[in-house]
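The values are calculated or read from the model by the stated rules, or taken from the named source; none is laboratory data. Quantities reported herein were computed from a predicted structural model and do not represent experimental measurements. Cβ sites come from the backbone with ideal geometry, for glycine too, and all protein chains shown count toward neighbours. Only protein heavy atoms, including side chains, enter the accessible area calculation; ligands, DNA and RNA are left aside. Shrake-Rupley method; radii C 1.70, N 1.55, O 1.52, S 1.80 Å.
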Amino acid sequence: MGFFETLADRIDAVDSVVSVGLDPDPSRLPDTVTDADLPRWAFNRRIIDATHEHAACYKPNAAFYEDPDGWRALRETAAYAEGKGVPVLLDAKRGDIGNTARRYAEALDHVDAITVNPYLGRDSLQPFLDRADKGVFALCRTSNPGGADLQDLELASGEPLYERVAALADVWNANDNVGLVVGATAPEELAEVREIVPEIPFLVPGVGAQGGDAEAAVEHGLAARPDLPVDVGLVNSSRGIIFAGEESSRPDNEATYFGAAGDAAKRLKRRLNRHR
């Protein structure tokens with residue numbers, strides 16, 4: 001099956017469009033895992049155990065794994081999530097040309113999908129697009145305030161750059177494996193992109209710690225497709241779930257700390273489902 005078919009089955013099985021961002025910042029890991037051989041893996045395993053019943057997908061960000069122990073932790077994390085039946089989307093934002101792009105695309109041997117940066121054009125993405133069984137989410141309108149610096153620039157045609165990216169994604173979608181990253185912090189742009197590409201699923205960041213619009217994330221982030229049993233897309237929260245234990249009643253207690261992550265994932269699932 002293709003990635004979006006797999007994702008649709010997962011969404012249907014757990015009644016959730018929640019993507020849990022696995023960003024194990026070493027400076028914030030609780031003491032209960034810091035003495036482990038691979039603290040980031042130990043942390044992620046407990047997060048997965050606590051949240052998998054509410055997760056449509058896990059989204060590890062490559063920035064938190066770019067050292068030898070980190071790559072080991074990432075491989076263990078991806079394998080463990082797959083064992084729980086949860087797809088893994090690597091947030092790597094890759095985008096390069098030639099042999100470099102082909103090497104970057106080898107990351108898809110270990111995960112189900114990846115985020116890419118489209119600003120070097122189609123040839124920089126082709127090695128990813130050619131993996132028909134894998135998902136490829138191209139940055140379109142990101143959730144950070146500075147995203148407007150470039151993404152909102154008006155082209156000679158009169159359209160903003162992010163709208164051109166959306167239109168190109170539709171052209172690049174020959175293998176039906178392309179999605180777009182469109183942030184919940186810009187709900188009007190989210191709606192505009194959905195009008196351009198009605199059947200392309202979105203990965204919508206910004207609903208957690210960034211305070212994005214949950215209703216807009218669901219209304220416009222999910223794609224209704226006749227070939228799939230449910231509307232497909234993902235709404236991501238990272239820090240708001242995985243570090244929820246910092247605000248728990250007993251943050252030094254392992255069960256309480258990681259139980260708070262499970263509760264946070266469940267709450268977000270319910271919040272989003274009110275709008276589905």
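Within region 82-92, does at least one residue satisfy the condition of being over 17 Å from the mean Cα position of the chain (by Cα) and either of a type in the set (Ser, Thr, Tyr) or open to solvent by 10 Å² or more (accessible area, probe 1.4 Å) (or both)? Checked against the condition, which is being over 17 Å from the mean Cα position of the chain (by Cα) and either of a type in the set (Ser, Thr, Tyr) or open to solvent by 10 Å² or more (accessible area, probe 1.4 Å) (or both), region 82-92 yields at least one hit.
Kindly indicate which of Ala184, Ala132, Ala174 is touching a helix residue (DSSP H, G or I) at 6+ places or on another chain (Cβ under 6 Å) and touching a residue at least 40 places away in the same chain (Cβ under 8 Å). Working first, answer last.
Working: Ala132 fails: touching a helix residue (DSSP H, G or I) at 6+ places or on another chain (Cβ under 6 Å); Ala174 fails: touching a helix residue (DSSP H, G or I) at 6+ places or on another chain (Cβ under 6 Å).
Among Ala184, Ala132, Ala174, only Ala184 is touching a helix residue (DSSP H, G or I) at 6+ places or on another chain (Cβ under 6 Å) and touching a residue at least 40 places away in the same chain (Cβ under 8 Å).
Taking (1) within 17 Å of the chain's Cα centre (by Cα); (2) farther than 15 Å from Asp91 by Cα; (3) not in a helix (DSSP H, G or I) in turn, Asp37 satisfies each apart from (1). Of everything in region 187-206 that's at pLDDT below 95 and more than 14 Å from Glu219 (Cβ to Cβ), which residue is surrounded by the fewest Cβ atoms within 10 Å (Cβ to Cβ)? Going through the qualifying residues, I end up with Gly206.
Condition check for Leu161 on (1) open to solvent by less than 60 Å² (accessible area, probe 1.4 Å); (2) modelled with pLDDT of 95 or more; (3) under 25 Å from Leu108 (Cα atoms); (4) not polar (S, T, N, Q): one failure, at (3). Inclusion of Leu228 among residues that are modelled with pLDDT of 95 or more and buried (at least 16 other Cβ atoms within 10 Å of the Cβ) is not warranted. Selection of first residues in region 78-97 that are acidic (Asp, Glu) and of second residues that are outside any strand (DSSP E or B), restricted to Cβ pairs under 7 Å at least 6 apart or on distinct chains, gives the following pairs, ordered by first then second residue: Asp91/Ala62; Asp96/Tyr104; Asp96/Leu120; Asp96/Ser124.
Quick grid of which residues meet (1) hydrophobic (A, V, I, L, M, F, W, C); (2) in contact (Cβ under 8 Å) with a residue 40 or more places away in the chain; (3) over 30 Å from Glu215 (Cβ atoms); (4) surrounded by fewer than 23 Cβ atoms within 10 Å (Cβ to Cβ):
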residue: Ala101; (1), (2), (3), (4): yes, no, yes, yes
residue: Ala105; (1), (2), (3), (4): yes, no, yes, yes
residue: Leu125; (1), (2), (3), (4): yes, yes, yes, no
residue: Leu150; (1), (2), (3), (4): yes, no, no, yes
residue: Ala156; (1), (2), (3), (4): yes, no, yes, yes
residue: Ala167; (1), (2), (3), (4): yes, no, no, yes
residue: Asp170; (1), (2), (3), (4): no, no, no, yes
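Selection within region 1-35: residues that are open to solvent by 10 Å² or more (accessible area, probe 1.4 Å) and polar (S, T, N, Q). The member of this set that is farthest from Asp252 (Cα to Cα) is Thr6. Among the residues of region 242-257, some residue qualifies, meaning at least one is touching a strand residue (DSSP E or B) at 6+ places or on another chain (Cβ under 8 Å) and either modelled with pLDDT under 95 or open to solvent by less than 60 Å² (accessible area, probe 1.4 Å) (or both). Counting only helices (runs of 4 or more DSSP H) that fall entirely inside region 197-276 and contain at least 1 residues that are touching a Pro at 6+ places or on another chain (Cβ under 6 Å), the qualifying elements are 214-221, 254-273.
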